[in-house]
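Visitor: The structure follows.
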């Protein structure tokens, strides 16, 4: 096997998207077919199968009828664009080992300039014919394919938590809302994790034509942070939330909810989970006039969507706190609790909806809301309709 260099994710060359198209759909699906064939040696790959490239009269891909449910390697079937020679694969880190990487590298000798990007949830691996570019805490200090393979086979080692300096707290808040551009003076790193984050942020803004990061770029550095660091960041943020402008709150909401969901899942005890949950509720109560109605009402349903499958004890903590708010004086908080309980799948949701509707006769003026609540009551749905709160003042 030829030597394979290990590099950083941000070393990959940038693409000029203003130039004419570089690849056709046939070239993309020819490469994707080869990726599928390699990965099938190591596990199921799909869900969509190969494209028939022998059909000359077609101007769109014709996929095989084979569908693989819950494949070990989810090979994205959409062509990313007409410039990037890349096939994107989503999988569990444990499915990646040295043989998988080396097999793909060997195959790509016939496809110069092409890459396979593995999205691993907490990190990323980008494979080319002669190099592997890694990103994320999981792969800190990796120097060989074997080390990359070994890191994929075990959980990320976070070690002990560390103090949180105010400068890093400010940097994190700016990252949440995409408040970093080429003029931003990045602080001196307080530790290894912050050094890695600052290096990534600087690399990303350097690669941007306008030098600006967006709130979505936080996803690139989130997993470099120690879980306890994120918890401390959130607790500080929730305490200060009422002081932020509506614009900042709206920009940060998606990232805040994602971090809350993940932190709840990673809580070491019901005491930790309850502390975070009650602080979230307190922040919502004090920021109702800054968030839009939909943001408040959908808050817990959206957050639980990111939690996905809470443990029984975490579910109990969340349920208890939501039941307390079902009788809240603020109708938006009430609805947030109801939709959160529906998302949790509590068995008495019909009774709760009926009881609350009896105490809120003014809701009868909002036909969309009443219709959706009746669906909840009958068990036909568990998630709010985002258009139901129009007109804007219907719930005040």
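The values are calculated or read from the model by the stated rules, or taken from the named source; none is laboratory data. Here the structure is a predicted model, which means the values were calculated and not measured. For neighbour counting, all protein chains shown are included, and Cβ atoms are generated from backbone atoms with ideal geometry for every residue, glycine included.
Visitor: Identify the single condition in (1) assigned to a helix (DSSP H, G or I); (2) free of Cβ contacts under 8 Å to residues at least 24 places away in the same chain that residue 209 does not satisfy, given that it satisfies every other one.
Guide: Status for residue 209: all satisfied but (1).
Visitor: Quick test of your reading of the structure: residue 252 fulfils all but one of (1) outside the structural domain of residue 286 (by TED's automatic domain parsing); (2) out of contact with any strand residue (DSSP E or B) (no Cβ under 9 Å at 6 or more places or on another chain); (3) closer than 25 Å to residue 161 by Cβ. Name the failing condition by number.
Guide: Unmet condition: (1).
Visitor: Among (1) surrounded by 17 or more Cβ atoms within 10 Å (Cβ to Cβ); (2) in the same structural domain as residue 290 (by TED's automatic domain parsing); (3) in contact with a helix residue (DSSP H, G or I) (Cβ under 7 Å, 6 or more places away or on another chain), where does residue 230 come up short?
Guide: (2)
Visitor: Between residues in the stretch 343-356 that are assigned by TED's automatic domain parsing to the domain that holds residue 324 and farther than 20 Å from residue 299 by Cα and residues that are loosely packed, with under 13 Cβ neighbours inside 10 Å and modelled with pLDDT under 90, which pairs lie under 9 Å by C-beta distance while being six or more apart or on different chains?
Guide: Filtered contacts from the stretch 343-356: 350/378; 350/379.
Visitor: Please determine whether any residue of the stretch 15-27 is touching a helix residue (DSSP H, G or I) at 6+ places or on another chain (Cβ under 6 Å), over 23 Å from residue 203 (Cβ atoms), crowded, with 16+ Cβ neighbours inside 10 Å and in contact (Cβ under 8 Å) with a residue 12 or more places away in the chain. It would help to see each step written out before you state the result.
Guide: Initial filter on the stretch 15-27 (touching a helix residue (DSSP H, G or I) at 6+ places or on another chain (Cβ under 6 Å)): none.
Among the residues of the stretch 15-27, not one is touching a helix residue (DSSP H, G or I) at 6+ places or on another chain (Cβ under 6 Å), over 23 Å from residue 203 (Cβ atoms), crowded, with 16+ Cβ neighbours inside 10 Å and in contact (Cβ under 8 Å) with a residue 12 or more places away in the chain, which makes the answer no.
Visitor: Considering every residue within the stretch 346-358, establish whether at least one is farther than 28 Å from residue 308 by Cα, modelled with pLDDT under 95 and surrounded by fewer than 14 Cβ atoms within 10 Å (Cβ to Cβ).
Guide: yes
Visitor: Restricting the search to the stretch 363-380, which residues are exposed (fewer than 15 other Cβ atoms within 10 Å of the Cβ) and either at pLDDT below 55 or touching a helix residue (DSSP H, G or I) at 6+ places or on another chain (Cβ under 8 Å) (or both)?
Guide: 364, 370, 378, 379
Visitor: From (1) modelled with pLDDT under 95; (2) within 29 Å of residue 194 (Cβ to Cβ), pick out the condition that doesn't hold for residue 94.
Guide: (1)
Visitor: Residues of the stretch 279-298 being more than 15 Å from residue 237 (Cβ to Cβ) and in contact (Cβ under 8 Å) with a residue 24 or more places away in the chain, which ones?
Guide: The initial filter retains those residues of the stretch 279-298 that are more than 15 Å from residue 237 (Cβ to Cβ), namely 285, 288-289, 292-298.
Within the stretch 279-298, 285, 288, 292, 293, 294, 295, 296, 297, 298 qualify.
Visitor: List pairs: first residue in the stretch 359-386 and over 18 Å from residue 305 (Cα atoms), second residue modelled with pLDDT under 80 anywhere in the structure, Cβ distance under 6 angstrom, at least six positions apart or on different chains.
Guide: These pairs meet every condition: 366/394; 368/388; 369/388; 372/385; 372/388; 375/381.
Visitor: Of the residues in the stretch 209-227, how many are surrounded by fewer than 17 Cβ atoms within 10 Å (Cβ to Cβ) and more than 25 Å from residue 276 (Cβ to Cβ)?
Guide: Of the residues in that region, 5 qualify.
Visitor: How many residues are crowded, with 18+ Cβ neighbours inside 10 Å and in contact with a strand residue (DSSP E or B) (Cβ under 9 Å, 6 or more places away or on another chain) if we restrict to the stretch 183-208? Don't jump to the end; show me each part of the working.
Guide: Looking only at the stretch 183-208, we keep the residues that are crowded, with 18+ Cβ neighbours inside 10 Å, and these are 193-194, 196-198, 200-201, 204-205.
From the residues that got through so far, the ones that are in contact with a strand residue (DSSP E or B) (Cβ under 9 Å, 6 or more places away or on another chain) too are 200.
Looking only at that region, the number is 1.
Visitor: Still on this structure: What helices (runs of 4 or more DSSP H), lying completely within the stretch 279-387, carry at least 1 residues that are over 27 Å from the mean Cα position of the chain (by Cα)?
Guide: Details: elements: 293-297, 299-307, 312-325, 331-344, 349-359, 367-377.
Counting at least 1 such residues, we get 312-325, 331-344, 349-359, 367-377.
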